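Shown next, in structure tokens, is the structure this report addresses.
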Amino acid sequence: MTAITQTLTRVFKLGATELDDPAPQETPEIAMSLYETAFPVLKTASLAEPVIDGERLVYEIVKPQAKTKG
């Protein structure tokens with residue numbers, strides 16, 4: 001039996017917008033932080049667990065909940 005290794009392309013998903021990985025050699029958090037100037041919401045956002053979608057590893061960006069009091 002032969003083992004096959006496949007490298008998945010990492011993608012970040014912010015709503016309907018998909019962002020290519022700007023730094024594949026870095027951790028997902030560091031790579032996401034490189035988009036903070038273009039998307040300020042990323043400063044307080046977090047990453048959900050990745051999902052494999054074909055040949056892509058998709059990280060959903062989770063926006064913080066809006067505060068309603070205080």
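Observations, loosely collected:
- Each residue in segment 1-15 was checked for being more than 26 Å from GLN65 (Cα to Cα) and either in contact (Cβ under 8 Å) with a residue 24 or more places away in the chain or surrounded by 16 or more Cβ atoms within 10 Å (Cβ to Cβ) (or both), and 3 pass.
- Of the strands (runs of 3 or more DSSP E) entirely within the chain, those holding at least 3 residues that are within 10 Å of the chain's Cα centre (by Cα) occupy 9-14, 17-20, 56-62.
- For segment 16-37, the criterion of being exposed (fewer than 10 other Cβ atoms within 10 Å of the Cβ), at pLDDT below 95, in contact with a strand residue (DSSP E or B) (Cβ under 9 Å, 6 or more places away or on another chain) and not polar (S, T, N, Q) is met by no residue.
The values are calculated or read from the model by the stated rules, or taken from the named source; none is laboratory data. From a predicted model like this one, the values you see are computed outputs, not experimental measurements. A quick note on method: Cβ atoms are made from the backbone with ideal geometry, for glycine too, and the neighbour counts reach across all protein chains shown.
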